[in-house]
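The values are calculated or read from the model by the stated rules, or taken from the named source; none is laboratory data. Computed from a prediction, not measured in an experiment: that's the story for all the values here. Here the Cβ positions follow ideal geometry from the backbone for every residue, glycine too, while neighbour counts run over all protein chains shown.
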Amino acid sequence: LRSRPMQLELTEEQKMVLQLARDFATREVEPKARELDKEGRWPTELVARMAELGLMGVAIPEQYGGAGFDNVSYALAIEEISRACASTGVIMSVNNSLVCDPLYKFGSEAQKKEFLAPLASGKLLGCFGLTEPASGSDASHMETVAEDKGDHWIVNGAKNWITNGPAADVILLFAAHDRSLGARGTVSLIIPKGTPGFTLNPRDHKLGIHAAHSCTVFFENVKVPKAQMLGEPGMGFKIAMSTLDGGRIGIASQALGIARAAFEKAVEYSKVRKAFGEPIANKQAIQFMIADMATELDAARLLTHRAAWMKDQGVRHSQQSAMAKLFASEAATKIAHKAIQIHGGYGYSTEYDVERHYRDARITEIYEGTSEIQRIVIAANALKA
Ligand code: CAA
């Protein structure tokens, strides 16, 4: 099953993707990150550049519009982009992990041609519709319904916190076709924007990731041809869960990027800021914080790359993705917290970036499954072993 051993050394191809993402992130994304956050501006031009660079379908084969790299490369790219701007990182992650990946895994050849190819090449942007106003963690209890009308479905309901929602061209929607069957009575549908009855609320206002817009979406008697069903009736929840196994690698990588940005800025600041006649980096109180931050960052990266590597091997990685996401997101919050502490009053000011990293880190403990949900997944697997 595990055909080759996990390499800690990156392959030449992975190094190339890392360099490409790093160059783009430092030259084009980082200079804009503060403005994007302050203005809450959707980064249209950066999304277009990510499409040109193959970053919107990193691990999708070239024949379907992707860049044809592996999931470790994908994790490396998300970390680099998120180090510069966490909003841009999650826009990329949602399109790659939550839309392209399930279309590649479960889509028919016709669906791959019609939807995956333009989404993976970045001609179209996707979003993922699972969460509802009354069910986030308890995702199988959906109130959005799809009624079977023979050759089409009629969809009614609402989904919220839909990252990319305001800008997306296509939603991958999950709905109940038979609520008496619970998770087994759910279906997954590909619905393009512009389909009559599919409407949006204005965008949400959030603590962080200000440039990654999200919104509530509504479906009122939306007619969806059966040709736009992903998989079979009954498979919806399983498609959503196995998709999130990949998505959580993306969010772990985003958290890593945020954590690294905060860490690097804290190290830099500690060397130039003087107190009691010397740089604060000479003080053991600061050194111990730096040591913990560096250790957590490395541990988070190792967990994340292991999960990505397992995905590349085609091995079930639900538990490892949950561990990576849990650890990396909590590490990001702790690291950003310490980065502010090291900066003192300046860290609390919007003139410095660490307060943005702190606000951006917080969501990684919530979306794509809260830390509590990750612990449920990890414990269920540990107890089953
Ligand atoms: N892969 C494949 N199948 C899976 C699976 C996985 N990872 N996890 C569960 N399943 C299957 C089970 O085997 C079971 O199948 P059978 O009916 O054949 O036995 C079925 O799905 C139901 O599984 P459970 O009984 O475990 O389901 P549950 O209702 O107890 O829920 C849960 C489990 C882990 C709590 C799940 O609901 C969950 O992950 N909740 C969190 C949802 C979430 O992460 N939402 C994020 C929204 S997207 C987002 O946030 C995007 C964004 O903005 C960036």
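Which of (1) touching a helix residue (DSSP H, G or I) at 6+ places or on another chain (Cβ under 9 Å); (2) of a type outside the set (V, I, T); (3) more than 26 Å from S321 (Cα to Cα) does L189 not meet, given it meets every other one?
(3)
Is it the case that some residue within the stretch 268-275 is in contact with a Pro (Cβ under 9 Å, 6 or more places away or on another chain), in a strand (DSSP E or B) and among the hydroxyl-bearing types (S, T, Y)?
Applying the first criterion (in contact with a Pro (Cβ under 9 Å, 6 or more places away or on another chain)) to the stretch 268-275 yields 270-273.
Those left that are additionally in a strand (DSSP E or B): none.
Scanning the stretch 268-275 turns up no residue that is in contact with a Pro (Cβ under 9 Å, 6 or more places away or on another chain), in a strand (DSSP E or B) and among the hydroxyl-bearing types (S, T, Y).
If you go through the stretch 224-239 one residue at a time, do you hit one that is near the ligand (Cβ under 9 Å from one of its atoms), closer than 30 Å to C85 by Cα, within 24 Å of the chain's Cα centre (by Cα) and of a type in the set (A, V, I, L, M)?
Looking through the stretch 224-239, at least one residue is near the ligand (Cβ under 9 Å from one of its atoms), closer than 30 Å to C85 by Cα, within 24 Å of the chain's Cα centre (by Cα) and of a type in the set (A, V, I, L, M).
Among G150, G129, G122, G194, which is the only one that is modelled with pLDDT of 95 or more, crowded, with 21+ Cβ neighbours inside 10 Å and more than 15 Å from the ligand (Cβ to nearest atom)?
G122
Quick one: what pairs do we get from the stretch 355-374, first residue of a type in the set (F, W, Y), second more than 9 Å from the ligand (Cβ to nearest atom), C-beta under 7 Å, 6+ apart or different chains?
These pairs meet every condition: Y358/A336; Y358/H337; Y358/I340.
In the stretch 60-100, how many residues are among the hydroxyl-bearing types (S, T, Y) and surrounded by fewer than 24 Cβ atoms within 10 Å (Cβ to Cβ)?
1
Please determine whether any residue of the stretch 248-263 is within 13 Å of the ligand (Cβ to nearest atom) and of a type in the set (K, R).
yes
Results for (1) under 19 Å from the mean Cα position of the chain (by Cα); (2) within 13 Å of A255 (Cβ to Cβ), shown as yes or no for each residue.
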residue: V315; (1), (2): no, no
residue: Q319; (1), (2): yes, no
residue: T333; (1), (2): yes, yes
residue: Y352; (1), (2): no, no
residue: R356; (1), (2): yes, no
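Among the candidates A379, A285, A385, A281, which residue alone is of a type outside the set (S, T, Y), surrounded by fewer than 23 Cβ atoms within 10 Å (Cβ to Cβ) and modelled with pLDDT under 95?
Within the list A379, A285, A385, A281, the selection yields A385.
Examine the stretch 282-297 for a residue that is away from the ligand (no atom under 16 Å from the Cβ) and on the phi > 0 side of the Ramachandran plot, and state whether such a residue exists.
no
I need the full set of residues from the stretch 355-366 which are within 10 Å of the ligand (Cβ to nearest atom) and either out of contact with any helix residue (DSSP H, G or I) (no Cβ under 7 Å at 6 or more places or on another chain) or not in a loop (DSSP other than H, G, I, E, B) (or both), in order please. Show your work before the answer.
Residues of the stretch 355-366 within 10 Å of the ligand (Cβ to nearest atom): 363-364, 366.
I363, I366, listed by residue number.
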